[in-house]
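> Okay, here's the structure, questions in a sec.
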Amino acid sequence: MKRNNASLIFLFGPTGVGKTALLESYFSEGYSVVNADSKQIYRHLDIGSAKPEPSLVARIPHYLVDILDPWEDFSVGQFVHRADEAVDEIRLQGRIPVVSGGTAFYFKHFLYGLPESPKSSASVRREINALVQENGLTWAHEELAKVDPVSAEKIHQNDTYRITRALEVFRSTGCPLSSFSVPTLPREGLTPLIIGLERDREELSLRIRQRVEQMMEQGLMDEIGSLLAMGATAQWPGMQGIGYREYFTLQESGGFSVEEFKELIVRNSIRYAKRQMTFFRSIGGVSWIHPDDRAQLESLLETYLS
RNA sequence: GCCGCUUUAGCUCAGUUGGUAGAGCAAAGGACUGAAAAUCCUUGUGUCCUCGGUUCAAUUCCGAGAGGCGGCA
């Protein structure tokens, strides 16, 4: 098997599809993994984020796992920069990088490159949030329409997140978000083998259910307990992850039963998996396979790497 | 056994003074310009429990039967 210096593999799929197991059996020899999962970058989120076992990480070098504390901010921009560095380093070692994870947004921008728009500013965002809080979302959308009619047209009036971001960009640059161009083609020299993992709905739901059960057995509650002891709040970026956020949601609404907690995690995971699939399907050039289809996977690798 | 209430979307229930029905939740589909496990959008045909009667027309009224809940025996 010849190793092309430009070789790069993407491995993605919805939560619970079986990415980690596949890494274990196919990519342990001569490969290094670059994590593309927005929650596994955080330390202390081991069980709830379904982080790979230490034994796997010991066998296959992993990059971008455990690089931040769960209260620290991260973004696609940082992901792309750090993933680029990781890929370079892996190649220097004569190994093949496998970008693996479930955050479709990260894959998209890694493949196409970042838009020209500026990175997010926490302080400006805070200001905007305060204004939105005070004057209401309708007002915010109208404000946006004044300074950036193109974005206002595209962003739905209920989409707090995107309205805030668009206003933030205008405030910090004086230019509308829509004036920054978005790349539509893969970056120069980037020709990865894109492997998408897919299972049918019932199969995936069942696996998600089993995995949540397993997380509870592994001590998800204890993990949350120690995060709380560290001062965790629902506002920590890491606490937005499924398996953690449900704790805060249920706390807020009063009651709390383990059964309820598990069911909520299962439901949110299944919904997330669906959103992931929608996003992944919009990425071009993907070879979709079932994780158990060894022959298909082997032939894809063979063809790509020779 | 008797009496009362109840049976409508996967679930909880509205509703039609008789013209074949609609909310919430669940579910399905979609979007994605540096927080993305985030944020947001769209989508409701279902023997209105069954059988019979009245009626131009019944899920709606009447009768019987069946299931559920409660009370009395």
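> Six or more apart or on different chains, Cβ under 6 Å: which pairs go from a residue in region A:120-135 that's in a helix (DSSP H, G or I) to one that's surrounded by 14 or more Cβ atoms within 10 Å (Cβ to Cβ) and of a type in the set (Lys, Arg)? Could you list them?
That search, which allows pairs on different chains as well, returns A:124/A:171.
> Please identify the pairs in which a residue from region A:189-213 that is more than 20 Å from residue A:50 (Cβ to Cβ) has its Cβ atom under 9 Å from the Cβ atom of a residue that is in a helix (DSSP H, G or I) and open to solvent by 20 Å² or more (accessible area, probe 1.4 Å), counting only partners at least 6 apart or on another chain.
These pairs meet every condition: A:190/A:112; A:192/A:304; A:193/A:300; A:193/A:303; A:193/A:304.
> Could you run through region A:32-59 and say how many residues are buried (at least 19 other Cβ atoms within 10 Å of the Cβ) and either touching a Lys or Arg at 6+ places or on another chain (Cβ under 6 Å) or within 19 Å of residue A:86 (Cα to Cα) (or both)?
Qualifying residue count for the region: 15.
> What are the pairs, 6+ residues apart or on separate chains, where a residue within region A:255-281 that is more than 19 Å from residue A:207 (Cα to Cα) has its Cβ under 6 Å from a residue that is assigned to a helix (DSSP H, G or I)?
A:256/A:250; A:279/A:104; A:280/A:104
> Give me a count of the residues in region A:175-206 that are surrounded by 13 or more Cβ atoms within 10 Å (Cβ to Cβ) and more than 14 Å from RNA strand B (Cβ to nearest atom).
Of the residues in region A:175-206, 8 are surrounded by 13 or more Cβ atoms within 10 Å (Cβ to Cβ) and more than 14 Å from RNA strand B (Cβ to nearest atom).
> If you take the residues of region A:43-76 that are closer than 20 Å to residue A:109 by Cα and hydroxyl-bearing (Ser, Thr, Tyr), which of them is farthest from RNA strand B (Cβ to nearest atom)?
Taking the candidates together, the pick is A:63.
> Hey, another quick one. With (1) assigned to a helix (DSSP H, G or I); (2) more than 14 Å from RNA strand B (Cβ to nearest atom); (3) of a type outside the set (Lys, Arg) as the list, and residue A:277 as the residue in question, which single condition is left unmet?
(2)
> Within region A:237-271, can you find the residues that are at negative phi, more than 23 Å from the chain's Cα centre (by Cα) and not in a helix (DSSP H, G or I)? Outline the logic, then answer.
Our first condition is that a residue be at negative phi; within region A:237-271, this holds for A:237-242, A:244-253, A:255-271.
With more than 23 Å from the chain's Cα centre (by Cα) added as a condition, the list becomes A:250-253, A:255-260.
Within region A:237-271, A:253, A:255, A:256, A:257 qualify.
The values are calculated or read from the model by the stated rules, or taken from the named source; none is laboratory data. It should be emphasised that the depicted structure is a prediction, and the values quoted were computed from it without experimental measurement. Neighbour counts are summed over all protein chains in view; Cβ atoms, including those assigned to glycine, are modelled from backbone coordinates with ideal geometry. Please note that ligands, DNA and RNA were not included when accessible areas were found on the heavy atoms of the full protein model with its side chains. Shrake-Rupley method; radii C 1.70, N 1.55, O 1.52, S 1.80 Å.
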